[in-house]
1. When only residues in region 44-60 that are of a type in the set (A, V, I, L, M, F, W, C) and at pLDDT below 90 count, which is farthest from residue 105 (Cα to Cα)?
2. Just checking, how many residues over region 28-63 are within 18 Å of residue 98 (Cα to Cα), in a strand (DSSP E or B) and among the hydrophobic types (A, V, I, L, M, F, W, C)?
3. Among the numbered conditions (1) of a type in the set (A, V, I, L, M); (2) closer than 24 Å to residue 132 by Cβ; (3) free of Cβ contacts under 8 Å to residues at least 60 places away in the same chain; (4) touching a strand residue (DSSP E or B) at 6+ places or on another chain (Cβ under 8 Å), tell me where residue 82 comes up short.
4. Contact list please: Cβ distance under 6 Å, first residue in region 194-213 and loosely packed, with under 15 Cβ neighbours inside 10 Å, second residue modelled with pLDDT under 95, pairs at least six apart or on different chains.
5. In region 43-54, which residues are among the small types (Gly, Ala, Ser) and buried (at least 22 other Cβ atoms within 10 Å of the Cβ)?
6. Within the set of pairs 6 or more residues apart or between chains, which connect a residue that is polar (S, T, N, Q) inside region 142-165 to a residue that is in a loop (DSSP other than H, G, I, E, B) with Cβ atoms less than 7 Å apart?
7. In the set 182, 151, 191, 164, which member is surrounded by fewer than 19 Cβ atoms within 10 Å (Cβ to Cβ), of a type in the set (Asp, Glu), farther than 30 Å from residue 64 by Cβ and modelled with pLDDT of 95 or more?
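The values are calculated or read from the model by the stated rules, or taken from the named source; none is laboratory data. Keep in mind that this is a model prediction, so the values were computed, not measured. As a convention, Cβ positions derive from the backbone with ideal geometry for all residues, glycine included, and neighbour counts pool all protein chains shown.
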Amino acid sequence: MLRFIQKYFSEWFPVERIKTDYNVLEVIRRGNKLVLNAPHTNYSFGSLHEVFRNAFQQIHPDFQEIKNVLILGFGAGSVARILQKENRCVCQITGVEVDAAVIALAKKYFRLDRVKNLDLHIADAADFISVDENRYDLIVIDLFLDHRTPEKFLTAGFLKNLQEHLLPQGIILFNYLLYDFEARKKSIEFEKNFRHFFQQIQKLTFRKQPKSIIFSGRR
């Protein structure tokens, strides 16, 4: 009976649960895989993984042309695995994650050591990008505290900084969660600013995750 309950109600039996300076995180077993969750959303290798996998399928980038990648909100490495393992993208990845505990869990449970050519920084994304001098073929933004993106990452100033870090025709993917009325309201101004700084805009939506939107664009 206990095995049945553990199998079908895995959220009741986390493999590990920790409280960090930023969040409450749980490693949960879903079938034959592990996922990393915050209280109200998936952080890595669950629905988030499916959203980004689907996003890349929708925009059809030439993975052979992607050489340098910046991931702001690295998490446990979902996007890195989609790029390198699932799409055979031979790229240098710069990952930025503010929560050191997330990286510790990634090393312990999610085979972070298998990500190749990874330069990982424990830092605030806004602070990092304000001093970083590199430019990238692809920038992925997945910045959440639980289910909300902090205000400073939704501003025109931050988007301008992202634009300046993209190479010509570089791709940006910005994950936005329409969690409630407040988030939907803020998305209107955010989209206006996003369209100001980037070209070839697409709003990627996902049937199985209707609250998720990824704003895609190019420099």
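1. Taking region 44-60 as the starting set, the residues that turn out to be of a type in the set (A, V, I, L, M, F, W, C) are 45, 48, 51-52, 55-56, 59.
Restricting the remaining residues to those that are at pLDDT below 90 gives 45, 48.
Working: 45: 13, 48: 17 Å.
Going through the qualifying residues, I end up with 48.
2. Here the count works out to 1.
3. (4)
4. Close Cβ pairs (under 6 Å, with a partner that is modelled with pLDDT under 95) amount to 203/213.
5. Taking region 43-54 first, the residues among the small types (Gly, Ala, Ser) are 44, 46-47.
If the condition is that a residue be among the small types (Gly, Ala, Ser) and buried (at least 22 other Cβ atoms within 10 Å of the Cβ), then 44 is the only one that fits.
6. That search, which allows pairs on different chains as well, returns 149/143; 163/198; 163/219.
7. Numbers: 182 fails: modelled with pLDDT of 95 or more; 151 fails: modelled with pLDDT of 95 or more; 164 fails: farther than 30 Å from residue 64 by Cβ.
Just one listed residue meets the conditions, 191.
Matching residues to (1) under 24 Å from residue 210 (Cβ atoms); (2) surrounded by 16 or more Cβ atoms within 10 Å (Cβ to Cβ):
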| position | (1), (2) |
| --- | --- |
| 144 | yes, yes |
| 155 | no, no |
| 158 | no, yes |
| 186 | yes, yes |
